[in-house]
Amino acid sequence: MSLQRSFIIFLYVAGIAMISNASWMALSAHHWFMTIPAQLTDTGQANLHFIHDVAAAYLTFGLGLIWCAKNINKAYPIYLSATFFMVAHGISHVLEILFGQLPHSHWLIDLPLVFVPGFFMACIAHPSVWKKLTLPESS
């Protein structure tokens, strides 16, 4: 399988994951808040309006990543916007941990769903990596 094909599959999977998370957030915000393995209760009580707003962001970026998969040669600006969201999300968690708004246990709790995806997407966004992933491999 080509590198580009693998990347396109990644974009579809990431997009579907974001859309699935957004759907769960929008359709059952309280259940999402209490159930997702992120210890969200450490942030206070569930704010259903805010959860719905964040769901809209996840839906937008999930749809954007699927668009990227279908339009790989024009995808860089859209990919950057989704990456910026994920990186900014991660930075906000880092700051909350550093300033004591979240317990230090969140370094590990947030690793799989916040820090790793943002870091991974940022690495892909580097122009030299992006070029390798989006240019078709020669035969």
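FYI, it's all coordinate maths here, none of it is from the lab. Fair warning: this is a prediction, and the values are worked out from it, not measured in the lab. Don't worry about glycine lacking a Cβ; one is built from the backbone with ideal geometry, like all the others, and counts go over all protein chains shown.
State all residues of region 37-70 that are free of Cβ contacts under 8 Å to residues at least 60 places away in the same chain, among the aliphatic types (A, V, I, L, M), out of contact with any Gly (no Cβ under 9 Å at 6 or more places or on another chain) and under 24 Å from Ser81 (Cβ atoms); if no residue qualifies, say none. The answer is Ile51, Val54, Ala55, Ala56, Ala57, Leu59. Of all residues assigned to region 16-28, at least one qualifies as being surrounded by 13 or more Cβ atoms within 10 Å (Cβ to Cβ) and over 16 Å from the mean Cα position of the chain (by Cα). Scanning region 59-104 for residues that are over 18 Å from Ser6 (Cβ atoms) and outside any helix (DSSP H, G or I) returns Phe99, Gly100, Gln101, Leu102, Pro103, His104. Scanning region 67-86 for residues that are β-branched (Val, Ile, Thr) and either surrounded by fewer than 18 Cβ atoms within 10 Å (Cβ to Cβ) or over 28 Å from Ser28 (Cβ atoms) (or both) yields Ile72, Ile78. Residues of region 83-110 that are touching a Gly at 6+ places or on another chain (Cβ under 9 Å) and either acidic (Asp, Glu) or in contact (Cβ under 8 Å) with a residue 60 or more places away in the chain (or both): Asp110 alone. Against the test of being of a type in the set (Phe, Trp, Tyr) and more than 17 Å from Leu11 (Cα to Cα), the options Trp67, Trp130, Trp107 yield a single qualifying residue, Trp107.
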